[in-house]
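> Shown below is the structure under consideration.
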Amino acid sequence: MANEQNAKDNNFKDENELIDKLVGINRVAKVVKGGRRFGFAALVVVGDGKGRVGVGSGKAKEVPEAIRKATDKAKSTLIKVPLKEGRTLHHDIVGIFGAGKVNLRSAPSGTGIIAGGPMRAVFETLGIQDVVAKSIGSSNPHNMVKATMEALKFMQSPRSIASKRGKKVSEVIGKKPSAE
């Protein structure tokens, strides 16, 4: 009974503890001799809420089939994103895809997710709790989500940067100047 209730929502967890979020569905019509033939395109974001996220799009003649295809594609494109304290980004970053540009900024604890609809779905499935994001340019959900994913691909933790440079984490982060 509980599984049926969860399946009715746009987001639910499956057996692998992945959260699916349906970002959008487009209906397109092809005009033929007998009338119109409709097709559907779905955009889905999948994540585990612990730092992994993927995006997929699928097209079909029926809505459920389009959603299934998009979900399968999203599961195959999962990426791992390092999170600061498991709740926000390590540093500010800009992502660009096509005409879509997004600015992602880390935020202090308690800020919440301040972002537009398509970007919000990515952050919720990723497990980020505090972030400020701004979309500049295209408001197309596909471009916004893919620009967000491009930005997240280049997110690096201080630990990984320190190991690449052969330094300690404290040397990479540095000391903030005191207000004297």
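> Report ³J(HN,Hα) in whole Hz for each residue of region 26-40, in order, from the Karplus equation J = 6.51 cos²θ - 1.76 cosθ + 1.60 where θ = phi - 60°; Gly and Pro get x.
Coupling constants for region 26-40: 10, 10, 10, 10, 10, 8, 10, 4, x, x, 10, 10, 9, x, 10 Hz.
> Sticking with this one: Note down the Stokes-Einstein diffusion coefficient of region 63-170 in µm²/s, whole number, using a Kirkwood radius over alpha carbon pairs, 37 °C, and 0.692 mPa s.
Working: Rh = 14.8 Å.
Answer, rounded: 222 µm²/s.
> In the chain, how does Rg compare with the Kirkwood Rh, expressed as the Rg/Rh ratio over alpha carbon atoms?
Values: Rg = 19.1 Å, Rh = 17.8 Å.
That ratio equals 1.07.
> Filter the cross-link list Lys50/Lys75; Lys134/Lys167; Lys73/Lys153; Lys30/Lys69 down to pairs whose alpha-carbon distance in this structure exceeds 24 Å. Don't jump to the answer; show the numbers that get you there.
Values: Lys50/Lys75 15 Å; Lys134/Lys167 33 Å; Lys73/Lys153 17 Å; Lys30/Lys69 21 Å.
The answer is Lys134/Lys167.
> Taking 0.36 nm per intervening residue step and subtracting the Cα-Cα distance, what contour gain separates Leu78 from Val32 on full extension? List each step's numbers first, then the result.
Numbers: separation 46, 0.36 × 46 = 16.56 nm, distance 3.85 nm.
Value of the extension gain: 12.7 nm.
Throughout, read-outs are computed from the coordinates displayed, never taken from laboratory work. Keep in mind that this is a model prediction, so the values were computed, not measured.
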